[in-house]
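The values are calculated or read from the model by the stated rules, or taken from the named source; none is laboratory data. Every value quoted in this text rests on a predicted model; they were computed, and no experiment measured them. Here the Cβ positions follow ideal geometry from the backbone for every residue, glycine too, while neighbour counts run over all protein chains shown.
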Amino acid sequence: MSIPTEPIGSIPRPRALQTALAEHAQGRLGDAALARLQDQATADTLARLEALGCSVLVDGEQAKPSFATYPITGLTALDPGGAVIPFADGHIRQLPCLTAGPFRYQVHAETYLRSARRHTDRPLKQAVIAPSALSLLYPGEPLDGYSREAFLRDLADEAEADIRGCLDAGAHGVQLDFTEGRLSLKLDPSGELLNDFIALNNAVLGRFTEDERTRLGVHTCPGGDHDSTHSLDVDYADLLPKLFRLEVGNFYVQLASEADPERVLRIIADQLRPGIRVFVGVTDPIGTTVETHEEVRDRILLAARYIPVDQLGTCDDCGFSPFADDTSTSRNLAFAKIDARVRGTAMASQVLGV
């Protein structure tokens, strides 16, 4: 069996879908017409991934407004002035904040999985947002009649239902997107916010059996939006020891865009425990050039010096265009990078004899 390789989640939307999203936001395109284009984009994404030889597929998040905000699509008890996420190039993303409870997901990720299943019989991975990210929706001041503690209880229940729904719908795996993990150390260098995030996520993950957790994973990266990141300058050494406390069987770790990947690999090696697999990033989604097959192969061979091959996998560093309005990376460039990952992984598997 060769080294497993998986995409992370988002794939850039086709131009027609990007135009439709803008028209829908302006009220010039109806919900049904937009849904048809999203379904067409999903089918095309799955077909192209399958043609590249991907053994595990994703829907490319073609129908999500973003990897982070899909559960609150349609939620009315929100104010736009929530937590601000600053990126290195100066642009920001801003989350809304909750104005009333109780908190309930408006959309669950299994709906995307079931929609994608109509177009393929291949294994499908479903990305979900980690509850720690959604915990940032609660405002700084307590809400009347709805405490933060009550919110976190509701959030944990909803996050569990989001994950469990995907498992019950037959997902090959469920990946929690935890990009806020590294960011938290910029927002709070003491590490207390990160500790809270880890505790909240584990409170949800602890509701699953050991067998179920072999199908669960967590993805970490420094963000990727409009060819910029929000926390690449945060030292991985402060994140990874706590990240590996999460009770999942799979870790997806951005690595290709690190300045010193071998140092990161040494940190990962110190955190390895039996029964987990580490998927290392071998392509940079916001990089403007396509990695060669040989570059990918060599990155994997380096990783194999620190991670046993039977615990090693490969992935892209992050999703491509995780926010629906991000047009900085072309669809064709993303698929070319995925092709390099798949072929380079096959080459490394051959060299390693697996």
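A few comments on the model shown:
- When Ser10 is tested against (1) at pLDDT 95 or above; (2) buried (at least 17 other Cβ atoms within 10 Å of the Cβ); (3) in a loop (DSSP other than H, G, I, E, B), just one condition goes unmet, and that condition is (1).
- Among residues of the stretch 92-101 being in a loop (DSSP other than H, G, I, E, B) and in contact with a strand residue (DSSP E or B) (Cβ under 7 Å, 6 or more places away or on another chain), the one that is surrounded by the most Cβ atoms within 10 Å (Cβ to Cβ) is Pro96.
- Being assigned to a helix (DSSP H, G or I) and within 28 Å of Val234 (Cα to Cα) is a property that holds for Ala159.
- Taking the stretch 248-275 as the range and being in a loop (DSSP other than H, G, I, E, B), in contact with a Gly (Cβ under 6 Å, 6 or more places away or on another chain) and closer than 19 Å to Ala203 by Cα as the test, only Val248 passes.
- The set of residues in the stretch 276-299 being in contact with a strand residue (DSSP E or B) (Cβ under 6 Å, 6 or more places away or on another chain) and either assigned to a helix (DSSP H, G or I) or among the basic types (Lys, Arg) (or both) consists of Arg277, Val296, Arg299.
- All conditions but one from (1) more than 24 Å from Pro322 (Cβ to Cβ); (2) not in a loop (DSSP other than H, G, I, E, B) apply to Arg245; the one that does not is (2).
- Residue satisfying all of: in the stretch 314-342; of a type in the set (Gly, Ala, Ser) and more than 16 Å from the chain's Cα centre (by Cα); modelled with the lowest pLDDT among these: Ser328
- Count - residues of the stretch 199-224 that are surrounded by fewer than 19 Cβ atoms within 10 Å (Cβ to Cβ) and farther than 20 Å from Cys315 by Cβ: 9
- Just one of the listed residues (Ile286, Ile267) is touching a residue at least 12 places away in the same chain (Cβ under 8 Å), surrounded by 14 or more Cβ atoms within 10 Å (Cβ to Cβ), touching a Cys at 6+ places or on another chain (Cβ under 8 Å) and farther than 15 Å from His219 by Cβ, namely Ile286.
- Residue in the stretch 135-152 that is in a helix (DSSP H, G or I) and charged (D, E, K, R) present: yes
- Take the conditions (1) assigned to a helix (DSSP H, G or I); (2) surrounded by fewer than 19 Cβ atoms within 10 Å (Cβ to Cβ); (3) touching a residue at least 40 places away in the same chain (Cβ under 8 Å); Thr111 misses just one of them, which is (3).
- Candidate set from the stretch 24-83 (those that are charged (D, E, K, R) and outside any loop (DSSP other than H, G, I, E, B)); member that is surrounded by the fewest Cβ atoms within 10 Å (Cβ to Cβ): Asp31
- Sole exception among (1) outside any loop (DSSP other than H, G, I, E, B); (2) surrounded by fewer than 16 Cβ atoms within 10 Å (Cβ to Cβ); (3) in contact with a strand residue (DSSP E or B) (Cβ under 8 Å, 6 or more places away or on another chain) for Asp196, by number: (3)
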